[in-house]
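One structure below.
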Amino acid sequence: MNIAVVAQTTGLLLLSNVFMTFAWYAHLRALNNKPWIIAALLSWGIALFEYLLQVPANRIGYTALSLPQLKILQEVITLTVFVPFVFFYMKEPLKWDYLWAALCMVGAVYFIFRA
């Protein structure tokens, strides 16, 4: 496995997930008093930046990783970005369930990446 490719893919997916998380969920706090169409249009604008990072990340990653490996990597990154977002931006409390979900993801990583 090419570590440089995996690192580049991970970095791009991490950045794309930040945009994705804000596109999907930030409107629940920031635009909760606006019509849904405003939230949707703003979310689409944010999602454009997500796709500008996510598509190259997957193309680069697919040169060294299988499709299932790319998907599990994406899911792990999603959880890694989502938990701080929930706590810091949405101001919701941390829950033990996040730890259990992370442990399940560790199991998924093990099974997808084992030789």
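The values are calculated or read from the model by the stated rules, or taken from the named source; none is laboratory data. Fair warning: this is a prediction, and the values are worked out from it, not measured in the lab. Note that each Cβ is placed from the backbone with ideal geometry, even for glycine, and that neighbours are counted across all protein chains shown.
In segment 1-53, the qualifying residues are those that are in contact with a Leu (Cβ under 6 Å, 6 or more places away or on another chain) and of a type in the set (Gly, Ala, Ser), and the one that is nearest to residue 79 (Cα to Cα) is 16. Of the residues examined, residue 7 is not one that is among the hydrophobic types (A, V, I, L, M, F, W, C) and surrounded by 15 or more Cβ atoms within 10 Å (Cβ to Cβ). Cβ separations smaller than 7 Å between residues 6+ apart or across chains give the following pairs from segment 13-29 residues that are farther than 11 Å from residue 43 by Cβ and touching a residue at least 12 places away in the same chain (Cβ under 8 Å) to residues that are of a type in the set (Asp, Glu) and part of a helix (DSSP H, G or I): 16/50. Taken as a whole, the condition of being surrounded by 19 or more Cβ atoms within 10 Å (Cβ to Cβ), assigned to a helix (DSSP H, G or I), of a type in the set (Ser, Thr, Tyr) and under 18 Å from the mean Cα position of the chain (by Cα) applies to residue 21.
Residue by residue, here is whether (1) under 22 Å from residue 22 (Cβ atoms); (2) without any contact (Cβ under 8 Å) to a residue 24 or more places away in the chain holds:
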{"position": "38", "(1), (2)": "yes, yes"}
{"position": "41", "(1), (2)": "yes, yes"}
{"position": "82", "(1), (2)": "yes, no"}
{"position": "88", "(1), (2)": "yes, yes"}
{"position": "94", "(1), (2)": "yes, yes"}
{"position": "114", "(1), (2)": "no, yes"}
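Annotation: of all residues in segment 68-99 being part of a helix (DSSP H, G or I) and exposed (fewer than 10 other Cβ atoms within 10 Å of the Cβ), the one that is modelled with the highest pLDDT is 88. Scanning segment 57-67 for residues that are surrounded by 15 or more Cβ atoms within 10 Å (Cβ to Cβ) and over 13 Å from the mean Cα position of the chain (by Cα) yields a count of 4.
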